[in-house]
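Have a look at the structure below before the remarks.
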Amino acid sequence: MTEKATIKGLTLNELETWMAKIGEKPFRARQVYQWMYKKNVRSFDEMLNLSKGLREKLADTALLSLFTVYEKLESKLDKSIKYLFRLADDQAVEAVYMEEDKRITVCLSTMVGCPIACPYCATGVMGFKRKLSTGEIIDQLLFIQSDLGIKATNIVFMGMGEPFLNYDNVIKAASILNSELGPEIAARRITISTAGLVPEIRCFAEEGHRFKLAVSLNGTTDSQRDEMVPINRKYPMRDLMAAVQYYTKLSRRHITFEYILIDGFNDSEQDAKRLINLLTNISCKINVIPYNENEFLPYKSPSEQKLINFLKYLYRAPFTVTVRRSKGQDIAAACGQLYVQNRQGS
Ligand code: SF4
């Protein structure tokens, strides 16, 4: 038996080429593209403007659904929902649905595991298994939209994996998510978050993408970042900041820094002051995220008082400072936690 083609993850041009190969007209590709990416259908049978014959032909030759659900957990504290998906090779990957007012954000994974190995991150400690294909990245969103009957307004590539180590698949996934015939999520509402891969930040700037860029900073000195974000040993802060300046200058956009606040590690007055010095001349905003502590890792969340003290200093900064509370603390919503929990229990 010939293996079925994976059409999820194809661009419209690629789908047209594939359709031609199976003897179908290009306009059929447009119809399938819309059913697949805009209407979130998960079987060819639901593609009602295709003839029965074509639907059967497609079902015989192509795969539409790339995974099943291992586990789905709904938070009792907020409206977040975490999914653990089982991929075709039995690997597992997570995605999180988050709701706040009218904003519906879905956090997508780009790898199974992660080679960057940040010690505060559950994904980092599980090691690296493999990169996800474009289709596997997109299907996380499509599955959730279909399951919950919702349409996401925002996408963040902040789940399992370093997006810029899977650069081509991530950029392609973001472009499909942005496409008019697809989910049509505005580019400014799609955020790609990197731990600080300097060549890819420069490449992203040069390619002129309109998606938003975020950098996980998590420290203000090389020694702090060497420990918490080990890719810093390869791309130290001086190089990272130069790449960030290059990006903001070329794109004329600001950049977002994520700063996970960890008790006793990067939450002092000196840290806040260093942060202001470091970022003052950069067109940026910073998201301070109190660490979401968990039973698998030794790091602790800062107390409310420590958070307030840190912000008191930081609010003197000339850039915007926001605080992002971790969602779904009761459902292991930080990246990799549900996977680790699940695999340890199995
Ligand atoms: S924080 Fe991001 S880059 Fe670091 S190990 Fe986790 S997934 Fe990888």
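The values are calculated or read from the model by the stated rules, or taken from the named source; none is laboratory data. Model, not experiment: these values are computed from the prediction. Quick reminder, even Gly has a Cβ in these numbers, built from the backbone with ideal geometry, and neighbours come from all protein chains shown. For the accessible areas, the whole protein counts, side chains as well, though only heavy atoms, and no ligand, DNA or RNA atoms are used. Shrake-Rupley method; radii C 1.70, N 1.55, O 1.52, S 1.80 Å.
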So, of the residues in segment 90-103 that are touching a helix residue (DSSP H, G or I) at 6+ places or on another chain (Cβ under 9 Å) and of a type outside the set (D, E, K, R), which turns out to be farthest from Val156 (Cα to Cα)? Ala92
Would you check which residues across segment 196-209 are within 16 Å of the ligand (Cβ to nearest atom) and outside any helix (DSSP H, G or I) and list them? Gly196, Leu197
Looking only at segment 144-155, decide whether some residue is out of contact with any strand residue (DSSP E or B) (no Cβ under 7 Å at 6 or more places or on another chain), β-branched (Val, Ile, Thr) and open to solvent by 20 Å² or more (accessible area, probe 1.4 Å). no
Selection count where residues are under 19 Å from the mean Cα position of the chain (by Cα) and more than 15 Å from the ligand (Cβ to nearest atom), scope segment 211-247: 2
I'd like the full set of residues that are more than 19 Å from Asp139 (Cα to Cα), surrounded by fewer than 19 Cβ atoms within 10 Å (Cβ to Cβ) and either within 30 Å of the chain's Cα centre (by Cα) or hydrophobic (A, V, I, L, M, F, W, C) (or both), limited to segment 19-55. Ala20, Ile22, Phe27, Leu48, Leu54
Being within 16 Å of the ligand (Cβ to nearest atom) and farther than 27 Å from Met241 by Cα narrows it down to one residue among Gln145, Gln140; which is it? Gln140
So is Val170 touching a Phe, Trp or Tyr at 6+ places or on another chain (Cβ under 8 Å) and open to solvent by less than 50 Å² (accessible area, probe 1.4 Å) or not? yes
Scanning segment 153-178 for residues that are charged (D, E, K, R) and more than 13 Å from Leu108 (Cα to Cα), the one farthest from the ligand (Cβ to nearest atom) turns out to be Lys172
